[in-house]
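This report concerns only the one structure given below.
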Amino acid sequence: MAAPRLDSHVHFWRYTAAEFGWLDGPLEPLRRDFLPADLAEPRAAAGIDGAIAVQARQSHAETQFLLELAAATPWLRGVVGWVDLRAADVPSQLRALQRSGLLVGVRHVVEAEPDPEFVVGEAFLRGIAALAPYDLVYDLLVQPRHWPSTLALVERFPGQKFVLDHAGKPDPHGDLDAWRRWLHALAKSPNVACKLSGWPREAGPEWTAAALRPLAATVLDAFGPERVLFGSDWPVCQCASTYGRWVEAVAAWLSVLAPTEQDAVWGGNAQRLYALPRRR
């Protein structure tokens, strides 16, 4: 029996101008609320059974908001939230959030940090170390300037599960050789997996599945089907794609794989890596 198809990367928010200043330029149409009801129809039409909600703001209030949404929405299988990993009370933050039974990972918006060494700062490293007793994934959201330090981070914590968001945000229109070298180096660490997600925002509305196929092939070659996860980055993907169009593109890329390998990418890997709780 095939595993449920799971979208490992969706966002929800109640829009406020003060908290979502990053929704500018091509993202301006997203300046409104996005809630589970908005995703229900396109998700079902595309044959996706469930999803993981991922933080978009760095606040405890948003993490609690996502946990409450997940508790009220059976097809939301878990939450990748935010905690202040540099704070002294990280263990108590994690204990409080895990009472919901739906926190499956943690993320910091490292891509917004100007310091290329942010993830290897002493306080941040203490926070990553504090995740170990809770079996939580750490989602890596990084820009090219963070690539070298990200390698150092994952090598320092071989027992910590890491999932790379959006394959490290390569520029589909740029020189991809450096990205390919870095991705293969990162994939040498068996504790790292990678999401096929987020590329429409980088590629722009004119993207095609054929043009992005080499990027998908690189991800699958580097990590193998057992460490690749499907993700949409909804609603951010809507700046350059519909939900269904992205699902169709991923399906085309995965069609070269064996059925069991396709099942793993579509949902089995997310279920296993995030240790998703059973839902009613």
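Here are the numbers for this structure:
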item	result
Label-point separation in nm, R32 to D221, each point 7 Å along Cα→Cβ	4.2 nm
Cut-off 15 Å between beta-carbons: net charge of the residues surrounding T242, Lys and Arg +1, Asp and Glu -1	-3
Dimensionless Rg/Rh of the chain - Kirkwood Rh, Rg from C-alpha atoms	0.93
Inverse of mean 1/r across different Cα pairs in the range 147-203, Kirkwood, Å	11.9 Å
The range 16-114: mean projected area of Cα convex hull, nm²	7.6 nm²
Highest average packing first - 119-127, 60-68, 77-85, Cβ atoms within 10 Å	77-85, 60-68, 119-127
Leading residue at positive end of dipole, the range 133-280 (Cβ point charges), from A222, A240, Q160	Q160
Extended-chain gain in nm, criterion 0.36 nm per residue less alpha-carbon gap, D135 and Q98	12.3 nm
Karplus 3J(HN,Hα) series, Hz, for the range 95-100 with 6.51 cos²θ - 1.76 cosθ + 1.60 (x for Gly, Pro)	4, 5, 6, 6, 4, 5
Table column - 3J(HN,Hα) (Hz), the range 229-234, Karplus curve with 6.51, -1.76, 1.60, x for Gly and Pro	10, 6, x, 9, 6, 5
Sites E68 and D177 - FRET efficiency at Förster radius 45 Å, r taken between beta-carbons, to 0.05	0.50
Contact order normalised by residue count of the chain, Cα under 8 Å, 6+ apart, percent	22 percent
3J(HN,Hα) from dihedral phi, the range 25-34, Karplus parametrisation 6.51/-1.76/1.60, rounded to Hz, x for glycine, proline	x, x, 8, 4, x, 8, 7, 7, 6, 10
Top of E117, E155, E206 by mean-square fluctuation, Gaussian network on the chain, Cα under 10 Å	E206
Dipole of the chain, positive direction: furthest Cα of A275, V54, P200, with charges on the beta-carbon	A275
Structure-based [θ]222 nm, the chain - -39500 (n - 2.57) summed over DSSP H runs of at least 4, per residue, nearest 500	-10500 deg cm²/dmol
Euclidean distance between Cα centres, the range 90-118 to the range 1-30, Å	18 Å
Amide proton proximity set for L164, modelled H, under 5 Å, gap of 5+	L140, A193, C194, K195
In range of the label at D89: residues from the range 57-76 whose backbone nitrogen is under 14 Å from the point 7 Å along Cα→Cβ	60-61
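Each value in this text was obtained by applying a stated rule to the coordinates, not by laboratory testing. It should be emphasised that the depicted structure is a prediction, and the values quoted were computed from it without experimental measurement. Cβ sites come from the backbone with ideal geometry, for glycine too, and all protein chains shown count toward neighbours.
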